[in-house]
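Peer 1: My questions all concern the structure below.
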Amino acid sequence: MTIAAYQTLYQSSVTFGTRKQLQAEEGKSELQEKKDELEKQKIRLENKKSELLNKKDALLRKYEEKKAANEAKRKVELDFL
């Protein structure tokens, strides 16, 4: 190969490398945005999970209190009879 052919090959490879680097950097920013969005969504979902668990616990306590009150009421009625 002649020097001109090597120079052309070198220039082509530099151009190719530069283009690939730009594509990688462009994709990197998109992935970073996606990552940030997913982290925000994760926080929202964790907050919703906590809220729903608290709501469930409150409903269970309320149910248990009503159940205990009904059982006590029945016991009083049975004792009366």
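Peer 1: Taking region 1-26 as the region of interest, how many residues are surrounded by fewer than 10 Cβ atoms within 10 Å (Cβ to Cβ) and of a type in the set (Ser, Thr, Tyr)?
Peer 2: The qualifying residues number 1.
Peer 1: Taking the residues in region 27-59 that are at pLDDT below 95 and among the polar types (S, T, N, Q) as candidates, determine which candidate is least open to solvent (accessible area, probe 1.4 Å).
Peer 2: Ser29
The values are calculated or read from the model by the stated rules, or taken from the named source; none is laboratory data. No experiment lies behind these values; they were computed from the predicted model shown. Using ideal geometry, Cβ is built from the backbone for each residue, glycine included, and neighbour counts are taken over all protein chains shown. Protein only, heavy atoms only, side chains kept; ligands, DNA and RNA dropped before computing areas. Shrake-Rupley method; radii C 1.70, N 1.55, O 1.52, S 1.80 Å.
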